[in-house]
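First comes the structure, then the notes that go with it.
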Amino acid sequence: MFFIEFVLSSLLPVLPFTIIGLILVVISARSLWKSHQAKQWAETIGTILAVKVEERSTKGRNRKLYQIIVSYEYVVNGKRHQSQQLFAGDSGVANSRVLTEQRLRNYQPKADVKVYYNPRKPKEALIEREIDSTTYSLLAIGSVLLLLGLVFALFIVFNELKDCGITLNSTHPRSGAKPWCYR
């Protein structure tokens, strides 16, 4: 028990990297899976109701983020639905006003647009089946953080075991090892 507590306290510095990396990988994987599923979804024609850009400031930084909000309406089996989902699992957030303006040109109010909807849950829909580049960036960053966290964690654990004299050939601490090695 003491060894586990010691290793956990030693691993505390790498824990945030590993956890943040894991969260980013899971979020990205979910978006990729949803995009993959959306390629099988049914298609209908919808109408764009409204388009706007929300500008937000980031906490702790002097940067702005821009999010495109596209409200659209579509009909499935005679029932009207509304959605604002643009990409699969993505919020449509960008840190560039120019990029946001370029994207905005694709969506004009009262224009017809292809809507892809889940035939099992027609309320679940999106306009773009492809993944936004933000998802790939999050996946790359998350993978690097997760990998670094795991590599450093293994390094710490193996160093602690080495200090105890525990190897693949020996499962008992060597004489004169740190006291926690014996518990």
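Every condition in (1) surrounded by 15 or more Cβ atoms within 10 Å (Cβ to Cβ); (2) modelled with pLDDT under 95 is met by Glu101 except one, and the failing one is (1). Looking across region 1-47 at every residue that is in contact with an Asp or Glu (Cβ under 8 Å, 6 or more places away or on another chain) and at pLDDT 90 or above, the one that is surrounded by the most Cβ atoms within 10 Å (Cβ to Cβ) is identified as Gly46. The residue list Lys121, Lys114, Lys79, Lys64 contains one member that is surrounded by 12 or more Cβ atoms within 10 Å (Cβ to Cβ) and modelled with pLDDT of 90 or more, which is Lys114. Within region 41-84, the residues that satisfy the criterion of being of a type in the set (Val, Ile, Thr) and in contact (Cβ under 8 Å) with a residue 60 or more places away in the chain are Thr44, Ile45, Thr47, Ile48.
Checking each residue in region 131-163 for being exposed (fewer than 13 other Cβ atoms within 10 Å of the Cβ) and within 23 Å of Trp41 (Cα to Cα) picks out only Ser133.
Note on region 124-161: residues that are at pLDDT 90 or above, of a type in the set (Val, Ile, Thr) and within 30 Å of Arg80 (Cβ to Cβ) total 1. Leu104 - would you say it is in contact (Cβ under 8 Å) with a residue 40 or more places away in the chain and in contact with a helix residue (DSSP H, G or I) (Cβ under 9 Å, 6 or more places away or on another chain)? Spelling it out, it is not the case that Leu104 is in contact (Cβ under 8 Å) with a residue 40 or more places away in the chain and in contact with a helix residue (DSSP H, G or I) (Cβ under 9 Å, 6 or more places away or on another chain).
The values are calculated or read from the model by the stated rules, or taken from the named source; none is laboratory data. Just so it is clear, the model here is predicted, and its values are computed rather than measured. Heads up, the Cβs are rebuilt from the backbone with ideal geometry, glycines too, and the neighbour counts pull from every protein chain shown.
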